[in-house]
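Report on one structure; see the data block that follows.
The values are calculated or read from the model by the stated rules, or taken from the named source; none is laboratory data. Treat the numbers as computed from the prediction; the structure is a model and nothing was measured. Virtual Cβ from ideal backbone geometry, glycine too; neighbours counted across all protein chains shown. Note: accessible area is taken over every heavy atom of the protein model, side chains too, but ligands, DNA and RNA are not part of it. Shrake-Rupley method; radii C 1.70, N 1.55, O 1.52, S 1.80 Å.
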Amino acid sequence: MAAPAHSAPVQATIEEFIKALRASEVRVSPAEAIDAHRALMEVGYGDRTLVRDALCITLAKSEEEVWRFDEVFDAFFTRDAFRPETKSDEAGEAAGGEPQSAAELPLAEMLLAGDTIGLNQMMEAAARRARSTDVRLNTQRNLLSRRILDEMGLRELEELIQRLREMGLPRDQGLADRLAERREALFEEASRFVDRQMMLYASETGRRMRETLLGQQKLTGVEPEDMRQMEALVKRMAKRLATRYSRKRHRADKGKLDVRKTIRKSMAHGGVPFEIVWKTETIEKPKIVAICDVSRSVAAAAQFMLLFLYSLNEVIEKLEAFAFSDRLIRVGDILENEELDAAIASIIKKIGMRPTDYGRALVDFTELHRADLDRHTTVIVLGDGRSNYSNPRLDIMREISHRARAVIWLNPEPETYWGQGDSRMDQYRRFCNVAKVCNTLNQLERIIEDVLRTYMPR
């Protein structure tokens, strides 16, 4: 099928649309982009529904991506009416037409004639030359507007208005006033066009920048207005890890030949090994026990860790959660039976914001869960290790270390504080496989990913 004569502009438009999809976190590979072009060559460009369906089938690969695709498609292929004056300049025509200088300038001629279609096409072409799809930051808005207008011929238009005013003739003065009025309307239209470009190409960039900053923010000092965004970020991080570690429950390692199964398969072919069988290893789902200090100093960090872990239900076989301050209780039922936000508030109200006693908490934990600890369980403790000078019960910590697959201690305090004052962190860390500072979401994500990775075959 031969490409249409206008295939170059159409190709540029589809490339810009794919760029907008990528900016909205719809992954599009080069092969998929080629498939999209081929699909459009088959269905043509005249039927909007066919174009949408052809692009959606070739570019969107999940329910969420279909939703994002629909949003981007509607925004990208919808054009509002051009708002500068649409009536032709009858007054100018009655007076004998525009001066030759105005007729020689396409932008001035379109503005005076009210050629909204021509102005739309001119602005689209100017935006392409100004590389408007590269916009990323809100601070680029005014600069991009000016570049688009300059590409349309704004400088020449302003020079024309100035020359007409300098001539001093009533006819020229009136023409200058009409051009100046329509120039202001053109400014508004360019601003609307840039707003659309920002929505298509820069909105996700802005969100990612905010998420980067929130990911680096200390969990113990989150402002109330940032809590919702932090919670949404935690859920996105958890979803990313769940997607990465839930794809396969078995892995075939092509470096290890399963000799027995290969020989058995070859018996059907006279002993010739037509079917090679590779050894497979089962990928375990982690069993995690979370023990969270919800005293005043670390309650916020505990809230985010529980939210993170309970958002990973796809890849965690079993999650048991405990919270403590002066005593320890099981909180899994609360987290499972209530909305997460309400559950965490209920836990903190029930057991949090009290003086910490790590020794008593460890005694309570062994009474509640000692029999269930095994070599498939990873124990994650979140706390600052400050026990108000009470007995730290290192003997229980040693027993937990021996019974569990791994013990990971996450401490929101800097490592230089460990062992200072009433901190027993320097003693507890001897019984931990990993003891790390964890006071940002980025650190929490990396540590939990490390836990998930240890359950993958090596």
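Contact annotation: residue pairs with Cβ atoms under 6 Å, 6 or more positions apart or on different chains, pairing a residue in the range 286-312 that is within 19 Å of Leu452 (Cβ to Cβ) with a partner that is open to solvent by 10 Å² or more (accessible area, probe 1.4 Å) and not hydrophobic (A, V, I, L, M, F, W, C), are Lys287/Glu317; Lys287/Lys318; Lys287/His376; Val289/Glu320; Ser311/Lys235. Considering the range 105-202, the qualifying helices (runs of 4 or more DSSP H), each wholly inside and each with 1 or more residues that are closer than 30 Å to Leu21 by Cα and either open to solvent by 10 Å² or more (accessible area, probe 1.4 Å) or not hydrophobic (A, V, I, L, M, F, W, C) (or both), run over 116-129, 141-152, 170-201.
Among the residues here, Gly96 does not qualify as modelled with pLDDT of 85 or more and either open to solvent by less than 20 Å² (accessible area, probe 1.4 Å) or over 18 Å from Glu16 (Cα atoms) (or both). Being in contact with a Lys or Arg (Cβ under 9 Å, 6 or more places away or on another chain), within 26 Å of Arg131 (Cβ to Cβ), open to solvent by 40 Å² or more (accessible area, probe 1.4 Å) and free of Cβ contacts under 8 Å to residues at least 40 places away in the same chain holds for only one residue in Arg27, Arg22, and it is Arg27.
Does the range 68-81 contain at least one residue that is free of Cβ contacts under 8 Å to residues at least 60 places away in the same chain, farther than 22 Å from Gln197 by Cα, surrounded by 13 or more Cβ atoms within 10 Å (Cβ to Cβ) and of a type outside the set (S, T, N, Q)? No: the range 68-81 contains no residue that is free of Cβ contacts under 8 Å to residues at least 60 places away in the same chain, farther than 22 Å from Gln197 by Cα, surrounded by 13 or more Cβ atoms within 10 Å (Cβ to Cβ) and of a type outside the set (S, T, N, Q). Checking each residue in the range 256-295 for being of a type outside the set (A, V, I, L, M) and modelled with pLDDT under 75 picks out Phe274, Lys279, Thr280, Glu281, Thr282, Glu284, Lys285.
Of all residues in the range 388-422, those being more than 29 Å from Val234 (Cα to Cα) and in contact (Cβ under 8 Å) with a residue 24 or more places away in the chain number 14. Just to verify a result, which residue in the range 366-420, among those that are among the aromatic types (Phe, Trp, Tyr) and in contact with an Asp or Glu (Cβ under 6 Å, 6 or more places away or on another chain), is most open to solvent (accessible area, probe 1.4 Å)? My answer is Tyr389. Annotation: Pro355 fulfils all but one of (1) in contact (Cβ under 8 Å) with a residue 60 or more places away in the chain; (2) under 30 Å from Ala242 (Cβ atoms); the unmet one is (2).
For first residues located in the range 48-59 and without any contact (Cβ under 8 Å) to a residue 60 or more places away in the chain, partners that are open to solvent by less than 30 Å² (accessible area, probe 1.4 Å) and β-branched (Val, Ile, Thr) and lie 6+ apart or on another chain with Cβ distances below 7 Å form the pairs Leu59/Val26; Leu59/Val28.
Contact annotation: residue pairs with Cβ atoms under 6 Å, 6 or more positions apart or on different chains, pairing a residue in the range 327-350 that is in a loop (DSSP other than H, G, I, E, B) with a partner that is open to solvent by less than 50 Å² (accessible area, probe 1.4 Å), are Arg327/Asp364; Val331/Ala321; Val331/Ala323; Val331/Ile347.
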